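*Asks:* Sharing a structure with you now.
The values are calculated or read from the model by the stated rules, or taken from the named source; none is laboratory data. What you see is a predicted model; the values in this text were computed from it and never measured. Cβ sites come from the backbone with ideal geometry, for glycine too, and all protein chains shown count toward neighbours.
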Amino acid sequence: MTNEQIIANSAVAAGIFTQEEAEAYFSHGMRLPIHTFAEWKNHGYMVKKGEHAALVVSIWKPKTSKRKKDEKNVEADKEENSGFFLTTAYLFTKNQVEAIKTA
């Protein structure tokens, strides 16, 4: 099960979205409008002051480890995937965010 599926199933179970709403988003190739604080910030939004996460869910995150420098390998500084681990994601809906005002 992918992280998107985990989030969608949890959002439907929590009553944030109906099954039909979730399917409508996915049928149009879109993600549900429920993201982490950092994702909303990357999209140009900020979480409103005092808001708490609408959904707290465990998702999979890739482990990365830096390879040690090796004299024989020039590309030794690259990160490599060494598996996955469960982490807690705090997700906010579009009703909990507002556009970042630029000065």
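*Asks:* Please go through segment 50-103 and pick out each residue that is modelled with pLDDT of 90 or more, exposed (fewer than 13 other Cβ atoms within 10 Å of the Cβ) and assigned to a loop (DSSP other than H, G, I, E, B).
*Replies:* GLY50, HIS52, ILE100 - these are the residues of segment 50-103 that are modelled with pLDDT of 90 or more, exposed (fewer than 13 other Cβ atoms within 10 Å of the Cβ) and assigned to a loop (DSSP other than H, G, I, E, B).
*Asks:* Could you check segment 15-35 and list, in sequence order, the residues that are in contact (Cβ under 8 Å) with a residue 12 or more places away in the chain and more than 19 Å from VAL97 (Cα to Cα)?
*Replies:* Residues satisfying the conditions are ALA22, PHE26.
*Asks:* Do we have ALA38 as over 15 Å from GLU98 (Cα atoms), assigned to a helix (DSSP H, G or I) and either without any contact (Cβ under 8 Å) to a residue 12 or more places away in the chain or of a type outside the set (Val, Ile, Thr) (or both) here? Full working, then the answer.
*Replies:* Numbers: over 15 Å from GLU98 (Cα atoms): no; assigned to a helix (DSSP H, G or I): yes; either without any contact (Cβ under 8 Å) to a residue 12 or more places away in the chain or of a type outside the set (Val, Ile, Thr) (or both): yes.
Taking the combined requirement at face value, the residue does not satisfy it.
*Asks:* May I pose another question? Among the residues of segment 9-26, count how many are among the β-branched types (Val, Ile, Thr), surrounded by fewer than 12 Cβ atoms within 10 Å (Cβ to Cβ) and in a helix (DSSP H, G or I).
*Replies:* Looking only at segment 9-26, we keep the residues that are among the β-branched types (Val, Ile, Thr), and these are 12, 16, 18.
Next cut, surrounded by fewer than 12 Cβ atoms within 10 Å (Cβ to Cβ) only: 18.
Among the residues that remain, those that are also in a helix (DSSP H, G or I) are: none.
Summing the residues that are among the β-branched types (Val, Ile, Thr), surrounded by fewer than 12 Cβ atoms within 10 Å (Cβ to Cβ) and in a helix (DSSP H, G or I) in segment 9-26 gives 0.
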